[in-house]
Amino acid sequence: MSDTPRIAFLASNTEAAQQALAVMLARYGTCAPEQADVLCPLGGDGFMLQTLHRYAALGKPVFGMKLGTVGFLMNQFRDDDLPARLAAAEPANLRPLEMLALTESGTTTGSLAYNDVSLLRQTRQAAHIGVDLNGQERVAELIGDGVLVATPAGSTAYNYSAHGPILPLGSHTIALTPLAPYRPRRWRGAILKADTEVRFRVLDPYKRPVSVTADSHETRDVVEVTIRESRERRVTLLFDQEHNLEDRILSEQFMF
C-alpha cells in the first residue's frame, strides 16, 4: 500500500456514521471502491457485513471503524493519522461460507456468509433436522429451534450466544452448534475442519417449516441446506496493532 493510499469511505445511514463520513471526506477525500487501495466502512458489524457482501469481489483490504452499536469487526473511530494507521495495520484473512439451499418449491438459492449460516424453525413447532458431514449421517434427528455453522470471525456472535465454541483465527475450523436442542439433549455441537461439507436435511418441512439465514440473507421453507467454506473467496480485514481481531477473539475466551 502506498504512503498516501486511495481510500473509499462508506457509511451506514445512522446520524453518527454520516457525521463521521463528512469529517473523513473533508480531511482525506474519497474515491470509488473500484479505484481504491482500501475500503473504509463507518458503522457497526452489520454495516461491515453489508460492505463485504457488496464489495469483497473487488479484492480490496477493508479497514472498518466503529460507529454502530456492535463493532467486533471494526477499529475504533478516530479521524487523525489514518494513513499511518493503515500502513501499520495487521491483516486478517477470512474465508466466507458458501450456502446452497433447496426450497419446498424446488428452487435453489445460494449465498455467502462471513459470520454464520443458521437454520431456524418458522412456527411454534420444533424443527426436526438431520445432519450429514461429508455425505455421512452424524445426527439422524436433531429436534430444537435449529442449528448453525459459524466461521471463526462469526464464532463470537450468534454462535457464542448459543453456547457454541469461540474459534481462533487461522485455526481452519468451523463451529457446528445446535440452537436450544431438545433431542439429542446432551449434544452441544462440534468443531469441524473448515473443508467439511455440512448438509442439513429438514425432516418434516410441511408440518415443521424451517428458514435459513446466511448473515442477513434469509430463505424460507427450505428442505435441504449445504454449507462449505469457500475455496475461491477471501477477504482481508485490517486492524490496529493494539486491538487486532485475533486478540479480540482470544480476549473473549477469558471474559467471566
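The separation of the range 1-60 from the range 179-256, counted between C-alpha centres, amounts to 27 Å. If the chain linking R220 and L25 were pulled fully straight, counting 0.36 nm for each residue of separation and taking away their Cα-Cα distance, it would gain 66.2 nm.
Quick one: grab the alpha carbon gyration tensor of the range 54-95, order the square roots of its eigenvalues as a ≥ b ≥ c, and give me rounded if a/c is under 1.5, else prolate or oblate depending on whether a/b is larger than b/c. Here the range 54-95 falls in the oblate category. Per residue, the convex hull spanned by the Cα atoms of the range 5-139 measures out at 166 cubic angstrom.
Shape of the range 55-200 from the C-alpha gyration tensor: prolate (a/c of 1.5 or more and a/b above b/c, with a ≥ b ≥ c the square roots of its eigenvalues). Extension gain, Q241 to E197: 0.36 nm times the residue separation minus the Cα-Cα distance gives 12.4 nm. Scattering from the chain was approximated by placing one identical point on each alpha carbon and applying the Debye formula without solvent; log10 I(q)/I(0) at 0.10, 0.13, 0.16 1/Å stands at -0.52, -0.82, -1.12.
Extending 7 Å from the Cα toward the beta-carbon at both Q76 and S230 defines two label points whose distance is 3.1 nm.
The order of the peptides 210-222, 73-85 by mean Cβ neighbours within 10 Å, most packed first, is 210-222, 73-85.
As a calculated quantity, the FRET efficiency between Q253 and S105 at R0 = 45 Å, using C-beta atoms, amounts to about 0.60. Expressed as a whole percent, the accessible surface of the range 101-223 that belongs to carbon and sulfur atoms is 48, based on a 1.4 Å probe. Computed from backbone phi, the HN-Hα couplings of the range 196-205 come to 6, 8, 9, 10, 9, 10, 7, 7, 9, x Hz, rounded to whole numbers (Karplus: 6.51 cos²θ - 1.76 cosθ + 1.60, θ = phi - 60°; Gly and Pro given as x). Over the range 1-94, accessible surface divided per residue gives 48 Å², non-protein components excluded, 1.4 Å probe.
Per residue, the range 95-216 exposes an accessible area of 45 Å² to a 1.4 Å probe, with every protein chain left in place.
The amide H of D204, built 1.01 Å from its N in the peptide plane, has H128 as neighbours under 5 Å, considering only residues 5 or more places off or on other chains. Between D37 and E141, full extension at 0.36 nm per residue minus the direct alpha carbon distance yields a gain of 32.6 nm.
Classification of the range 183-256 by its C-alpha gyration tensor yields a prolate form. The axis ratio a/c (a ≥ b ≥ c) is 1.5 or more, and a/b outweighs b/c.
Using a Förster distance of 22 Å, how high is the FRET efficiency between R54 and E90, based on the Cβ-Cβ distance and rounded to 0.05? Using R0 = 22 Å, I get an efficiency of 0.40.
The values are calculated or read from the model by the stated rules, or taken from the named source; none is laboratory data. Predicted model only: the values in this text are computed from it and were never measured. So basically every Cβ, Gly included, is an ideal-geometry build from the backbone, and we count neighbours across all protein chains shown. When the accessible area is computed, the model is the full protein with side chains, heavy atoms only, and any ligands, DNA or RNA have been set aside. Shrake-Rupley method; radii C 1.70, N 1.55, O 1.52, S 1.80 Å.
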